[in-house]
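To start, the structure under review is shown below, and the notes come after it.
The values are calculated or read from the model by the stated rules, or taken from the named source; none is laboratory data. Quantities reported herein were computed from a predicted structural model and do not represent experimental measurements. FYI the Cβ positions are ideal-geometry reconstructions off the backbone, even for glycines, and counts take in every protein chain you see.
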Amino acid sequence: MSDPNDPKVTTNKGPPGPGTKTGPAPEPIDPETGQHGSYWVLTEAERAKGFVRPVRTKYLHRTCGGLTRMGSAIAETYARDPTFYGSTFCAVCKTHHPLEEFVWDGTQDIAVPGGPLVVGGEMLGS
Ligand SMILES: [Zn+2]
């Protein structure tokens, strides 16, 4: 059972890895991909309370110009609580960077950094 006072769950729905419950992501980084094995998201019940930002799934890394797409659970978590994450993954650089290095695709809106957690993503296109 998840803790009702802690609305965080992992993107793979499994339990967090050992020693990572309070870390920026529930599992360590996989050196093959540069991404964590999973990421924190808000529960579906918490996300269902309503979004305070548009649900946007694609962002541009201003440093390299690369586009990355997030999964819907992560995109909805950000839209529900923009202070949840502080860093996100660039699928081109294959590393995590502070949110202020990114804009939402098709906009000049900088993703505003919030908390200590990190986000994953996948490269757009082939
Ligand atoms: Zn990049």
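Couple of notes before you dig in:
- Of the residues making up the range 71-85, those that are in a helix (DSSP H, G or I) and either of a type outside the set (D, E) or within 12 Å of the ligand (Cβ to nearest atom) (or both) are S72, A73, I74, A75, T77, Y78, A79, R80.
- Among residues of the range 53-78 that are under 15 Å from K94 (Cβ atoms) and of a type in the set (G, A, S), those with a beta-carbon under 6 Å from a residue that is within 16 Å of the ligand (Cβ to nearest atom) and assigned to a strand (DSSP E or B) at least six positions away or on a different chain give the pairs G66/C90.
- Every residue from the range 62-93 that is out of contact with any strand residue (DSSP E or B) (no Cβ under 9 Å at 6 or more places or on another chain) and more than 22 Å from K8 (Cβ to Cβ): G65
- Answer from T63, T33, T88, T68 - the residue that is part of a loop (DSSP other than H, G, I, E, B), within 16 Å of the ligand (Cβ to nearest atom) and under 12 Å from G120 (Cα atoms): T33
- Scanning the range 93-126 for residues that are modelled with pLDDT under 95, in a loop (DSSP other than H, G, I, E, B), within 14 Å of the ligand (Cβ to nearest atom) and of a type in the set (A, V, I, L, M, F, W, C) yields A111, L124.
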